[in-house]
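Visitor: Following this message is one structure expressed as structure tokens.
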Amino acid sequence: MKKTKVAVNDMFKNKPPRVVHGYWFIALPVLLALGINGRANAETVLIQDDFNNGVINTNKWITGGSDVTEHDGILDIQQNVTDAGGWAKTFKFTSTKKLRLEVEHTMHPGGDYYFPNFGFEATDKAGNFGVSWQRSDNGPDYCDNPNWYNKVMVGFGSCSDNFASTLASSDYYDRPIKSIITYDSSTGKVELDVDGDGTIDFSATAPAGKRFPIKQVSIGGYGWWTGHYHQIDSFMLVSLDNPIVKGTVAWTKPPYSVQCKNNTTVKSVSIPQNKKAQYDCEKAGLVVNSGDDVSVTIRGKKD
Ligand SMILES: [Ca+2]
Ligand SMILES: [Ca+2]
């Protein structure tokens, strides 16, 4: 904290610009100490693992079934026992409204009934959905829609809320692929870039009423009987939620304001004297996009 001269020309817009001596400002570290969210990069890594040390990181993963092991740089989810195969899921993380999953993986079917997938568990179970590379000879597994046989699909929990791509699931088996899945619970849109080339290959939209933040991701390698596996070479789950640019401040030494800043713009929010008050940088006119580096600074008068 340092003493400084601060121009307060736009702090109180109905007053002429002026320079006031004896003001001080509190920047980010103090804000954090006060429990106010100050600076945030919008891309927050929630879970990342390369599976390169031969030991399942039990701070990140919950696993079970026969069998799940980490070896040779991969998480190896095998289906070695009928209906009791391996499974893995992340620990629950701070729920995110918007996310991107980047995963390098290999899917191997042990037969004609195989359902490798990534499952996204929402804060309300109505919002759960999955991205699947399924192939099955059992009609109900593709909702008895012949056009959906052996298709990469996004499913929101019932046949009426399933969406099939034109991509043949089996085209992606038995070779390493990179899949990038993004989800925005505000729009419900799921996008799949199945070869990681930056071009979206398929998208689907969750129906209204099924759009909730996501709190956990699972990896499935299920299939009928045995012999299937789903191997994960790398896994990175990123939250794309916008920076938090609102909060509450309470000061007894007026006047004070909150200054919100991104790379190009500064906006100030004045706070009523002797009151605990909320500030919201976006309402003050700061445009905050995903990926922006935003800082919040509180200005007040020294004794
Ligand atoms: Ca690896
Ligand atoms: Ca693509």
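The values are calculated or read from the model by the stated rules, or taken from the named source; none is laboratory data. Source: prediction; values computed, not measured. Cβ coordinates were reconstructed from backbone atoms using ideal geometry, including for glycine residues, and neighbour counts include every protein chain displayed.
Visitor: Filter the range 222-244 for residues that are outside any strand (DSSP E or B), over 19 Å from Thr187 (Cα atoms) and of a type outside the set (Val, Ile, Thr); which is nearest to ligand 2 (Cβ to nearest atom)?
Guide: The qualifying residue nearest to ligand 2 (Cβ to nearest atom) is Tyr222.
Visitor: When only residues in the range 233-249 that are within 16 Å of ligand 1 (Cβ to nearest atom) and within 16 Å of Arg100 (Cβ to Cβ) count, which is surrounded by the most Cβ atoms within 10 Å (Cβ to Cβ)?
Guide: It comes out as Leu237.
Visitor: State whether one or more residues within the range 231-239 are at pLDDT below 95, closer than 14 Å to Ile180 by Cα and small (Gly, Ala, Ser).
Guide: yes
Visitor: Where in the range 96-193 are there strands (runs of 3 or more DSSP E), lying wholly inside it, with at least 2 residues that are closer than 26 Å to Trp225 by Cβ and of a type outside the set (Ser, Thr, Tyr)?
Guide: 98-108, 117-122, 129-132, 151-155, 162-168
Visitor: Yes or no: Ile219 within 11 Å of ligand 2 (Cβ to nearest atom), in a strand (DSSP E or B), closer than 28 Å to Gly65 by Cβ and hydrophobic (A, V, I, L, M, F, W, C)?
Guide: no
Visitor: Identify all residues within the range 149-160 that are more than 13 Å from Phe202 (Cβ to Cβ) and crowded, with 17+ Cβ neighbours inside 10 Å; write none if there are none.
Guide: Tyr149, Asn150, Phe156
Visitor: Same structure again: For Ala164, which of the numbered conditions (1) of a type in the set (Gly, Ala, Ser); (2) within 16 Å of ligand 1 (Cβ to nearest atom); (3) buried (at least 19 other Cβ atoms within 10 Å of the Cβ) fails to hold?
Guide: (2)
Visitor: Within the range 175-185, does at least one residue satisfy the condition of being away from ligand 1 (no atom under 16 Å from the Cβ) and exposed (fewer than 13 other Cβ atoms within 10 Å of the Cβ)?
Guide: Within the range 175-185, not a single residue is away from ligand 1 (no atom under 16 Å from the Cβ) and exposed (fewer than 13 other Cβ atoms within 10 Å of the Cβ).
Visitor: Just name the residue that is farthest from ligand 2 (Cβ to nearest atom) out of those in the range 204-216 that are in a loop (DSSP other than H, G, I, E, B) and surrounded by 21 or more Cβ atoms within 10 Å (Cβ to Cβ).
Guide: So, considering only residues that are in a loop (DSSP other than H, G, I, E, B) and surrounded by 21 or more Cβ atoms within 10 Å (Cβ to Cβ), the one farthest from ligand 2 (Cβ to nearest atom) is Phe212.
Visitor: Moving on. Given the conditions (1) more than 12 Å from ligand 2 (Cβ to nearest atom); (2) surrounded by 13 or more Cβ atoms within 10 Å (Cβ to Cβ), and given that Asp201 satisfies all but one, which numbered condition is not satisfied?
Guide: All conditions are met except number (1).
Visitor: Now for a separate question. Show the residue pairs that are 6+ apart or on different chains and have beta-carbon atoms under 9 Å apart, the first residue being within the range 191-207 and at positive phi, the second being acidic (Asp, Glu).
Guide: Between residues of the range 191-207 that are at positive phi and residues that are acidic (Asp, Glu), the close pairs are Gly196/Glu102; Gly196/Glu104.
Okay, residues lined up against (1) away from ligand 2 (no atom under 16 Å from the Cβ); (2) outside the structural domain of Val288 (by TED's automatic domain parsing); (3) of a type in the set (Gly, Ala, Ser); (4) free of Cβ contacts under 8 Å to residues at least 40 places away in the same chain:
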residue	(1), (2), (3), (4)
Thr58	yes, yes, no, yes
Asp76	yes, yes, no, no
Val81	yes, yes, no, no
Gly85	yes, yes, yes, no
Phe91	yes, yes, no, no
Met107	yes, yes, no, no
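Visitor: In the range 134-153, is there at least one residue being closer than 17 Å to Ile214 by Cα, in contact (Cβ under 8 Å) with a residue 40 or more places away in the chain and in the same structural domain as Gly209 (by TED's automatic domain parsing)?
Guide: Checked the range 134-153: no residue is closer than 17 Å to Ile214 by Cα, in contact (Cβ under 8 Å) with a residue 40 or more places away in the chain and in the same structural domain as Gly209 (by TED's automatic domain parsing).
Visitor: When Pro116 is evaluated against the numbered criteria (1) modelled with pLDDT of 95 or more; (2) under 20 Å from the mean Cα position of the chain (by Cα); (3) away from ligand 1 (no atom under 16 Å from the Cβ), which criterion, by number, is the only one it fails?
Guide: (2)
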